[in-house]
Amino acid sequence: MALGLSYVRWVPTGKPGHRGDAVAGQTDRLAMLRLALANHAGFVLDDGEFRIDGPTYTVNTLARIRREGSDGPLVLLIGADQFLALETWKDWTHLLNLAHIGVAERPGHVIDVARLAPALAKEWAARRSDSLPARPAGAIVRFSMTALDISSTAIRGHIAAGRSARYLLPDAVWEYMISNKLYLNPQGAK
């Protein structure tokens, strides 16, 4: 199912409250994302989480986007694996007051209702929709996506092991990573 989005806002994580710091610094991460999004008119870069001093949380980012004047439908796109862990996110139930949740399913990562925690299963049952409603928030819509066995962890692992990751990401991003000596060892130090 297509979600029919008018554009996709890419929000790189600032200082995530649920895990350690990112391997690459903010400057490098923003530069790589700018390179990856270049020539894609439907993509917008939002560096708002980098302007926050302290941990960042999705619920706060969505609230900021709403305060900035976005009052139409807003969709938080996440993978099915993250949806299964949604109850561990800060103020996760408030997310649905701020946005719809679009859950990407791919082979090996589908929503298994039997595996959902009780509170999340209740929200799933009440909010599941087969299409994106016109209202600003509140629905959970799942959609299929083409399976690409590519992850940032695998890319960093390739580079740390001395293998090329050239065809796993845009050429401009690959060139940036090489010229800036990013991810050259398993710990990610330059």
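The numbers here are math on the coordinates, done by the rules we state, and not lab data. In this text, all values refer to a predicted model and were calculated from it rather than measured experimentally. Cβ sites come from the backbone with ideal geometry, for glycine too, and all protein chains shown count toward neighbours.
Taking the C-alpha atoms only, the angle from helix 58-67 to the longest principal axis of the chain is near 70 degrees.
Listing Glu105, Glu49, Glu175 from fewest to most neighbouring C-beta atoms within 10 Å gives Glu175, Glu105, Glu49. Note on Lys122 and Asn39: the model spin-label points, each 7 Å out from Cα along the C-beta direction, lie 5.0 nm apart. Note on the chain: GNM, Cα springs under 10 Å; of Leu96, Leu30, Leu168, the largest mean-square fluctuation is that of Leu168.
If R0 is taken as 25 Å, the Cβ-Cβ distance between Thr93 and Arg9 corresponds to a FRET efficiency of 0.70.
Here the chain carries DSSP beta bridges of which approximately 5% are antiparallel, counting only pairs with both residues inside. Helix 26-37 and the longest principal axis of the C-alpha atoms of the chain enclose an angle of approximately 80°.
How would region 83-190 be classified by its alpha-carbon gyration tensor: rounded, prolate or oblate, with rounded meaning a/c under 1.5 and the a/b versus b/c comparison settling the rest? Here region 83-190 falls in the prolate category. The number of Lys pairs in the chain with C-alpha atoms less than 30 Å apart, excluding pairs fewer than 8 positions apart on the same chain, is 5.
In percent, rounded to a whole number, the relative contact order of the chain is 22, using alpha-carbon pairs under 8 Å and six or more apart.
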